[in-house]
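Undergrad: The structure that follows is given in the form of structure tokens.
Here, each number is a calculation from the coordinates, and none is a lab measurement. The structure presented is a predicted model; accordingly, all values stated were derived computationally and were not measured. Here Cβ is always computed from backbone atoms with ideal geometry, including for glycine, and neighbour counts include all displayed protein chains.
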Amino acid sequence: MSDELTDLYQEVILDHCKRPRNFRELDCASCTARGDNPLCGDQLTLFIQLDGDTIREISFVGSGCCISKATASLLTEALKGKTVAEARALFEKVHTMLTTGAVPESVGKLAVLSGVHKYPARVKCATLAWHTLLAALEGRAEPVTTESDEA
């Protein structure tokens, strides 16, 4: 990762950590899920309002490290207006990027998270919101945890 991308990564993470977007409960949610990362202490609840197969509104609440909170914030911005199929496809791309550092062209602003792969202990912080997204879309009642096979 270039120095410029590293600087951008740090700026975006800090901005979304200090001023998370869509940080609120969503009363009219079609589906919700909870996620926990016991190693770091990250906890979040994701709320999704679907309009047919489209994510009309998405938000989260919770607490955790900067990477966890910033990733959840970026996720909500990236998925608003996307279809469920597009959200699942983006999950796959982002998950690969977070674990390998390879940046697909179609991830847009989420590319700033590619540097997380250099810090294996932080990968679970960054993937928590994404696994929680899948749990919400699948209607899973049990919380997602980074200590399971799913995260």
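Undergrad: Using 0.36 nm times the number of residues separating Leu39 and Val61, minus their current alpha carbon distance, what extension gain do you get?
TA: Numbers: separation 22, 0.36 × 22 = 7.92 nm, distance 1.89 nm.
Full extension from Leu39 to Val61 adds 6.0 nm.
Undergrad: Sticking with this structure for a sec: Taking Cα atoms, how many degrees apart are the long axis of helix 120-138 and the longest axis of the chain, rounded to 10 and kept between 0 and 90?
TA: 20 degrees
Undergrad: Enter the angle in degrees (range 0 to 90, nearest 10) between the Cα long axis of helix 3-18 and the first principal axis of the Cα atoms of the chain, meaning the one along which they spread out most.
TA: The two axes meet at around 40 degrees.
Undergrad: Taking the Kirkwood radius as the inverse of the mean 1/r across Cα pairs, report the Rg/Rh of the range 17-82.
TA: Numbers: Rg = 11.6 Å, Rh = 11.9 Å.
Result for the range 17-82 is an Rg/Rh of 0.98.
Undergrad: Label points 7 Å out from Cα along the Cβ direction at Glu77 and Cys31: separation in nm?
TA: 2.5 nm
Undergrad: Using only the C-alpha atoms of the range 36-142, find the volume of their convex hull and express it per residue in Å³.
TA: Values: hull volume 9.4 nm³, N = 107.
Taking only Cα atoms, the range 36-142 has a hull volume of 88 Å³ per residue.
Undergrad: Next question, about the same structure. Between Val84 and Ala121, what FRET efficiency comes out of the Förster formula 1/(1 + (r/R0)^6) with R0 = 35 Å and r the beta carbon distance, rounded to 0.05? Show your work: numbers first, answer last.
TA: Values: r = 31 Å, r/R0 = 0.88.
Given R0 = 35 Å and the Cβ-Cβ separation, E is 0.70.
Undergrad: For helix 66-79, what angle does its Cα long axis make with the longest principal axis of the chain, in degrees from 0 to 90 and rounded to 10?
TA: Relative to the chain, helix 66-79 is tipped by roughly 60 degrees.
Undergrad: Compute the length gained on full extension between Lys18 and Lys93: take 0.36 nm times their separation in residues and subtract their Cα-Cα distance, giving the result in nm to one decimal. Walk me through the numbers on the way to the answer.
TA: On the way: separation 75, 0.36 × 75 = 27.00 nm, distance 2.58 nm.
Full extension of this stretch gives 24.4 nm more.
Undergrad: Percent relative contact order of the chain, based on C-alpha pairs within less than 8 angstrom and at least six residues apart? Before the final figure, lay out each step's value.
TA: Numbers: 285 pairs, mean separation 42.3, N = 151.
Reported as a whole number, the value is 28 percent.
Undergrad: What is the calculated FRET efficiency for Ala102 to Ala141, with r their C-beta to C-beta distance and R₀ = 41 Å, to the nearest 0.05? Mind showing how you got there, number by number?
TA: Values: r = 34 Å, r/R0 = 0.83.
The computed FRET efficiency comes out at 0.75.
Undergrad: Further question on the same structure: What are the ³J(HN,Hα) values, in whole Hz, obtained from phi via the Karplus relation 6.51 cos²θ - 1.76 cosθ + 1.60 with θ = phi - 60°, for each residue of the range 49-56 in sequence order, with x given for Gly and Pro?
TA: Working through the residues one at a time gives 10, 9, 10, x, 9, 10, 7, 7 Hz.
Undergrad: Something else: Quick one: which residues, 5+ away or cross-chain, put their amide H under 5 Å from the amide H of Cys31? H built at 1.01 Å from N.
TA: It is Ile48, Leu50, by chain and number.
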